[in-house]
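Report on one structure; see the data block that follows.
The values are calculated or read from the model by the stated rules, or taken from the named source; none is laboratory data. Being a predicted model, the structure only gives us computed values, none of them experimental. When we count neighbours, we look across all protein chains shown, and the Cβ atoms used for this are built from the backbone with ideal geometry, even at glycine.
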Amino acid sequence: MSNKTNFLRIKNKKIRETIQGYLFLLPSFVILGVFVFWPIVYSFVLSFFKWDFANQKNPYFNGLENYRKLFEMDMALPYSFWKALIFSAAYIIVAVCILKAVQTLITAHGHFENRAYDAFRKKRPLHIIFCALLFGITLMFASFELTWLLLIPVSVGFVYLIFMKKSLPVNEESGLWTGLFIIIGVYIALKIFSGVRYELFDFLLITKESSVFIKAIYNTLYYVMLTTPTGIFLSLLIALALNLPLKGKLVYRTAFFIPYITSVVAISLVWQWIFNDTYGLMNYFLSFFGSGKIPWLTDEIYTIPTIAIVSVWKMVGYNAIIFLAGLQSIDKFYYDAAKVDGANRIQQFRHITWPLLSPTTFFVLIVSVIGNFKVFTEIFVLYNELPGPYNNSGMTMVYYIFNKFYKDQRMGEASAAAYVLFMIIMVLTFFQFRAGKRRVSYVS
């Protein structure tokens with residue numbers, strides 16, 4: 001009986017402690033429930049109702065009509081998506097077969113192998129420099145629409161890849177470079193066949209201009225792809241610099257972090273003056289390099305890059321502080337052991353800093369992607385409450401939701417658009433977590 005009594009006493013004590021713990025958390029649950037959970041559930045329900053200015057008091061259920069309207073086209077498309085996909089896949093297959101045949105022919109000739117090239121290919125940093133220059137030349141040719149000249153860097157790249165595969169083991173690194181060149185090859189194949197009938201790129205461009213919501217998705221993805229890697233790269237460089245034994249590091253850290261805690265509206269107003277076409281500081285400094293005046297705020301081509309510059313400048317200090325904390329958490333024992341083995345700074349960064357910094361990088365990547373999808377205030381202030389100078393060039397998904405809710409008074413469609421944004425972020429975050437399990441190295 002005594003054992004049973006002790007068991008019941010311990011059980012009742014755990015129940016009381018659990019109840020007390022939840023009572024302490026109850027205020028937080030109430031606040032989260034009122035301001036977070038309830039709006040999420042209620043907006044999801046509203047996405048299936050026609051609730052606009054005409055039906056504000058009596059919204060009625062219309063199923064998936066709000067979601068259908070989001071992707072409704074303003075004009076008829078010349079051909080279907082599936083036809084464009086099939087024909088573009090055929091173009092890619094033809095291009096890959098041609099490149100594979102060229103690779104086979106080059107591999108069959110052994111006279112390309114020589115000692116001089118053996119000495120070159122063993123210098124691993126040269127691989128990185130060569131591939132970076134090659135990729136830069138490719139993008140330069142692409143930006144000037146020199147389609148056939150794009151074959152030059154791609155051909156050189158595939159020849160180089162053949163030689164590199166002979167000297168490098170089949171591992172993740174060689175697979176990374178192979179994937180890079182495959183992406184470039186696919187891009188070149190589609191550029192070469194651009195303008196051909198039933199081409200996927202042309203279809204996507206037509207679709208983007210035929211639906212405001214699809215253009216908002218395109219602009220948001222373009223902004224995320226432009227801002228996220230640039231911000232992470234610059235933040236890492238700043239963190240590495242701040243981690244050096246420099247004088248006045250506290251001042252530098254504060255200077256980089258101040259933009260993050262400053263009001264977004266104030267920052268956007270300052271940058272609106274900096275980007276001014278006539279008397280802005282940006283064009284003034286560019287004039288020293290012989291550059292003409294760039295219409296930062298009046299040309300739709302520069303809309304997303306302009307917003308990206310402001311956002312990167314604001315967030316780079318915050319991410320740099322996080323990277324700096326990650327760098328300072330790495331034990332110096334690893335670097336001392338590497339120095340004993342004769343490793344230089346590049347090798348230390350590659351084999352010690354970067355792998356041990358992967359948890360921090362993963363966190364910054366997740367937070368940056370989610371935050372960049374929610375861009376709104378910078379556009380609203382820079383372009384005076386308009387989504388870009390013209391043609392909805394700055395229309396993002398959050399701006400689209402804002403317009404539908406506050407200006408058009410179509411709350412049901414705004415809720416549907418918000419949940420499409422939620423699904424996109426959730427899917428991307430899921431794949432990032434899946435990739436993070438393989439790439440991220442946690443060291444206790």
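Numerical summary
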item	result
Selection count, segment 378-402, where residues are closer than 21 Å to SER263 by Cα and touching a Pro at 6+ places or on another chain (Cβ under 6 Å)	2
Looking only at segment 327-348, and only at residues there that are of a type in the set (A, V, I, L, M, F, W, C) and touching a residue at least 24 places away in the same chain (Cβ under 8 Å), the one that is farthest from LEU237 (Cα to Cα)	ILE330
Hey, GLY317 in the same structural domain as ASN372 (by TED's automatic domain parsing) and buried (at least 16 other Cβ atoms within 10 Å of the Cβ) or not	yes
Enumeration of residues in segment 5-52 that are of a type outside the set (Ser, Thr, Tyr) and not in a helix (DSSP H, G or I)	PHE48, PHE49, LYS50, TRP51, ASP52
Index of the failed condition, PRO387 passing every other in (1) buried (at least 22 other Cβ atoms within 10 Å of the Cβ); (2) touching a residue at least 60 places away in the same chain (Cβ under 8 Å)	(2)
Selection from segment 351-376 of residues that are outside any helix (DSSP H, G or I) and under 20 Å from GLY394 (Cβ atoms)	PHE373, LYS374, VAL375, PHE376
Residues satisfying the stated conditions in segment 399-412, i.e. touching a Phe, Trp or Tyr at 6+ places or on another chain (Cβ under 6 Å) and either surrounded by fewer than 16 Cβ atoms within 10 Å (Cβ to Cβ) or over 20 Å from ASP52 (Cβ atoms) (or both)	GLN409
Which numbered condition LEU269 misses (of (1) closer than 16 Å to VAL312 by Cα; (2) within 21 Å of the chain's Cα centre (by Cα))	(2)
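Quick grid of which residues meet (1) acidic (Asp, Glu); (2) surrounded by 20 or more Cβ atoms within 10 Å (Cβ to Cβ); (3) free of Cβ contacts under 8 Å to residues at least 60 places away in the same chain:
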position	(1), (2), (3)
SER368	no, yes, no
ASN372	no, yes, no
GLU378	yes, yes, no
ALA414	no, yes, yes
